[in-house]
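Encoded as structure tokens, the structure appears first; notes follow it.
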Amino acid sequence: MTADPTLTGSPRRGGMALPLPPDTEATVGPLDEIDFISRSDVKDGGSASVRLVIVGAGPTGLGAAHRLRELGYDGWVVLEAAEAVGGLARSYTDADGFTYDIGGHVLFSHYRYYDDLLARLLNGACTEIRRDAWIWMEGRYIPYPFQNHLRGLSPQTVYECLRGLVATQRQEHAPGNFREWAHATFGDGIARHFMIPYNEKVWAIPPERMGFDWISERVSVIDVDAVLRNVVLGEEQVSWGPNSAFRYPLRGGTGYLFERLGQTVAERLELGCAVVAVDPAEQVVVTGDGRRWHYEALLSTMPLDDLVACCRDVPDAVRTAAADLVASSTHVVGVALDRPADTSRTWVYYPEPAVPFYRTTYLSNYSPFMTARPGQTLLLTETSTSSFRPEDPTTIVERVVDGLVRVGVMTDADRGRIVGTWHCLPSKTYPVPTLGRDAALAVIQPWLQAHRIWSRGRFGAWRYEIGNMDHSVMQGVQWAEHVVSGSPESVWSDHGD
């Protein structure tokens, strides 16, 4: 089957035409004037014109597809390499009935649209939870965030943290990287005892190689009065941050949400359909089964460096910039215990290097249906890894169990109560905000968009600061609105474009 001929016309900002980049000749017409090819007409090795191609059925791709459906357009397709939707938000239920997420995900939001979407998809089948987060260090638990709860530490540590905090208030600072920013913002004591060792474990990269513009609400910056009130008056401040209260699906983990979202666009969803090449000049995507998908606009949610590697005739400057992007991965290990949790904790952070994981999540406290039977405990740990911080995958489960015993989450007797373990290692889990990241994005993204390619999502945008599930879904939603009416992509553009 041949592709639709190119139509000429003018982009209309308030109508139904695809907006074009500045100084680009208009070559597309209104969406409602096109006769689209249905997916049943596209055979293996064949060719199709589907004005909008979406690569990836994770939160961003599904958000875009769902919004297109709401807007009344069906000239699009979603191409997903995996056999199921969800991406990094996917969940897995094992043969025994334990459900695991790929990391410690929870549902909270900055956007009304996302809130309304969650309400429709979950239809009340969710739990509502007040965060009960802690930090384990010096053999004890202290409330999160660390910098607001110093009084629970040893007197020497409290003194060092306060002394550093007082000293940094008296100095002028112009930090050049994350390590310098941590010392300048919190003082040497807080930086040395918590901020630096914890972030080294999370990012698996030396902090002096990282920028700090991504911080925003990800890190509780210092409030000197709050610190003093905690140490002197014993006041606690545990409600900081946007996830102090959150929702969670009653069944199926966070993956349930995206399974439901995928069902709304199932007839235009191609699973097991990996993209192997993109021809920006010809505006063609090639999938592993030999099919060629002609597009007028392409939304890619695959990792940005992988997208550039797939593209043909890429300028050397763009390839060099893509090579400067850095990602780390995470060993996600689940441990199921045949006994109650006996705690209300939601998650715990571990800055000390002797503990292999940086966070433990009590999944069984999110919903009673995460375990196979009532009265069981389901734990999820995360251990980051990279070329800077290698982790042996063959021993990680054993080391995690040993670590859980070491910090008191489990006892030695609990080893005999383990009724299941789970290990997942995605190739990329954290797009690292390195010092060179923004310069690389400033080269890559304009070149892609000049060729009608939008790269969005956690790894498509490569901006950790807009990598939460709500951010990711909204990047897709706003892309859909942008290509059909020209409305701005505020989630993406407000963080640099």
From the option list 345, 312, 319, single residue qualifying as out of contact with any Leu (no Cβ under 9 Å at 6 or more places or on another chain) and in the same structural domain as residue 102 (by TED's automatic domain parsing) is 345
Checked region 358-376 for anything over 21 Å from residue 429 (Cβ atoms) and surrounded by 23 or more Cβ atoms within 10 Å (Cβ to Cβ); matches are 364, 371
Would you point out the residue of region 377-425, among those that are under 26 Å from residue 106 (Cα atoms) and small (Gly, Ala, Ser), that is surrounded by the most Cβ atoms within 10 Å (Cβ to Cβ)?
-> 384
Would you call residue 380 part of a strand (DSSP E or B) and either outside the structural domain of residue 202 (by TED's automatic domain parsing) or not aliphatic (A, V, I, L, M) (or both)?
-> yes
Note on region 167-204: residues closer than 19 Å to residue 350 by Cα, surrounded by fewer than 20 Cβ atoms within 10 Å (Cβ to Cβ) and of a type in the set (Lys, Arg) are 192
Quick one: how many residues across region 320-364 are over 21 Å from the mean Cα position of the chain (by Cα), β-branched (Val, Ile, Thr) and within 30 Å of residue 306 (Cβ to Cβ)?
-> 1
Pick from 80, 70: which is modelled with pLDDT of 95 or more and either of a type in the set (S, T, N, Q) or surrounded by fewer than 18 Cβ atoms within 10 Å (Cβ to Cβ) (or both)?
-> 70
Answer from 157, 185 - the residue that is among the β-branched types (Val, Ile, Thr) and in contact with a Ser or Thr (Cβ under 9 Å, 6 or more places away or on another chain) | 185
Take residue 164 and decide whether it is of a type in the set (Gly, Ala, Ser), assigned to a helix (DSSP H, G or I), surrounded by 14 or more Cβ atoms within 10 Å (Cβ to Cβ) and touching a helix residue (DSSP H, G or I) at 6+ places or on another chain (Cβ under 8 Å).
-> yes
Where a residue in region 349-361 is under 19 Å from residue 337 (Cα atoms) and its partner, wherever it lies, is small (Gly, Ala, Ser), with Cβ under 7 Å and at least six apart | 357/403; 359/104; 361/104
Within the bounds of region 442-457, is there any residue that is in a strand (DSSP E or B), among the β-branched types (Val, Ile, Thr), assigned by TED's automatic domain parsing to the domain that holds residue 314 and crowded, with 17+ Cβ neighbours inside 10 Å?
-> yes
Please state which one of 375, 416 is part of a helix (DSSP H, G or I), farther than 30 Å from residue 325 by Cα, of a type outside the set (A, V, I, L, M, F, W, C) and out of contact with any strand residue (DSSP E or B) (no Cβ under 8 Å at 6 or more places or on another chain).
-> 416
Output the number of residues of region 60-82 satisfying the condition of being within 9 Å of residue 270 (Cα to Cα) and part of a loop (DSSP other than H, G, I, E, B).
-> 2
Residue count, region 121-151 (criterion: assigned to a helix (DSSP H, G or I) and surrounded by fewer than 20 Cβ atoms within 10 Å (Cβ to Cβ)) | 3
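The values are calculated or read from the model by the stated rules, or taken from the named source; none is laboratory data. From a predicted model like this one, the values you see are computed outputs, not experimental measurements. Don't worry about glycine lacking a Cβ; one is built from the backbone with ideal geometry, like all the others, and counts go over all protein chains shown.
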